[in-house]
Structure formats: structure tokens, C-alpha cells
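Contents: one structure, followed by commentary.
The values are calculated or read from the model by the stated rules, or taken from the named source; none is laboratory data. Keep in mind that this is a model prediction, so the values were computed, not measured. Cβ placement follows ideal geometry from the backbone for every residue including glycine, while neighbour counts extend to all protein chains displayed.
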Amino acid sequence: MKIKLMILLLFISVNTPALEIYPLVSGEITMIKPAGSSVKQGDLLVQIDNAQAKLELDYLKTLQKTYQQNFDDKQLDLQQTQELYDRLVSSHRDLEIIQLVFDKAKRELEAHNIKIKIAEIELKKYQIYAPISGAIKATPNLRNATNTNAPKVLIILE
């Protein structure tokens with residue numbers, strides 16, 4: 001019984017399929033683990049130049065401050081108009097208009113925050129981590145760039 005189990009395990013380890021890893025973004029490869037390296041799940045395998053993606057995220061975060069300031073201003077306008085309406089100094093129509101302007105500023109801020117989250121997700125694509133532990137069998141793409149329009153295998157992991 002033990003002999004059959006050992007043969008089965010040997011058969012499984014011999015037929016372990018290789019995992020081909022492709023880039024999700026185009027760019028210059030700044031670091032790649034060499035063939036023959038042993039890696040653990042979660043180890044960094046490939047780093048693609050992410051300078052432009054970082055700048056895009058920085059730009060969106062800076063612009064977010066403007067959207068936040070506009071939202072805060074419209075929120076203050078709404079509060080003040082509500083107080084005037086409650087004291088019968090402002091009309092219901094004035095309150096409705098300010099509410100619409102506030103709602104628009106809120107939607108713009110929320111949409112911009114979603115853009116920031118998307119940019120953060122995109123930035124993560126410039127680093128490729130080992131999905132499993134194993135050894136790097138090959139790095140067939142010897143050029144120092146990736147192109148998602150014509151994807152090539154970056155690393156074969158076993």
C-alpha cells in the first residue's frame with residue numbers, strides 16, 4: 001500500500017504543469033528574477049517602470065483636494081441656506097437649487113475618489129508577484145520591455 005502511494009506522489013510531481021506569467025501593462029522592465037531562482041508565493045518576480053502611473057495617481061490625489069474643497073463649500077452653502085429657510089428668510093426654491101448644487105459636488109467628489117481607487121489598482125499591475133511557490137524555469141522575453149498589445153511570456157514558474 002505504501003509503495004503505490006509513493007509512486008502516485010512521484011507521478012504527480014513529475015507532471016506538475018508550468019505556470020506562464022504575462023504582464024498586465026506595457027513598459028520597461030526594471031527588475032526580473034533570473035531563471036533558476038527559487039521563489040515563495042508572494043515574492044516579487046517582475047518590476048515594470050511605474051513612474052507615469054505614480055504621477056497619474058499623485059495628480060488625481062492633488063486634484064481630489066480641489067473637489068473636496070468644492071464639496072465642503074457647497075455643504076456650507078446648503079447648511080446656511082437651510083438655516084435661512086428655517087427662519088423664513090429664504091425661499092424653498094433657493095433651498096432646492098442649493099441642494100442640487102450640493103448633490104452635484106458630492107457626486108463629482110465620489111466619482112473622483114473612484115478614479116483614485118482605479119489608479120491605485122492600475123499602479124499595482126506594475127509589480128508581478130509569484131502566485132505560487134516554485135522555481136523560475138525560464139524568462140523567455142529577453143527584451144527589457146513589455147507590450148500588452150503583443151503579450152509575451154515574462155516568466156515560466158514551476
Which ones in segment 77-119 are in contact (Cβ under 8 Å) with a residue 40 or more places away in the chain and in contact with an Asp or Glu (Cβ under 7 Å, 6 or more places away or on another chain)? 119
Out of 86, 77, 103, I need the residue that is outside the structural domain of residue 34 (by TED's automatic domain parsing), among the charged types (D, E, K, R) and either surrounded by 13 or more Cβ atoms within 10 Å (Cβ to Cβ) or under 25 Å from residue 30 (Cβ atoms) (or both). Which one? 77
Can you give me the number of residues within segment 51-76 that are without any contact (Cβ under 8 Å) to a residue 24 or more places away in the chain and basic (Lys, Arg)? 1
Could you go through segment 73-86 and let me know if any residue there is aromatic (Phe, Trp, Tyr) and farther than 30 Å from residue 19 by Cα. yes
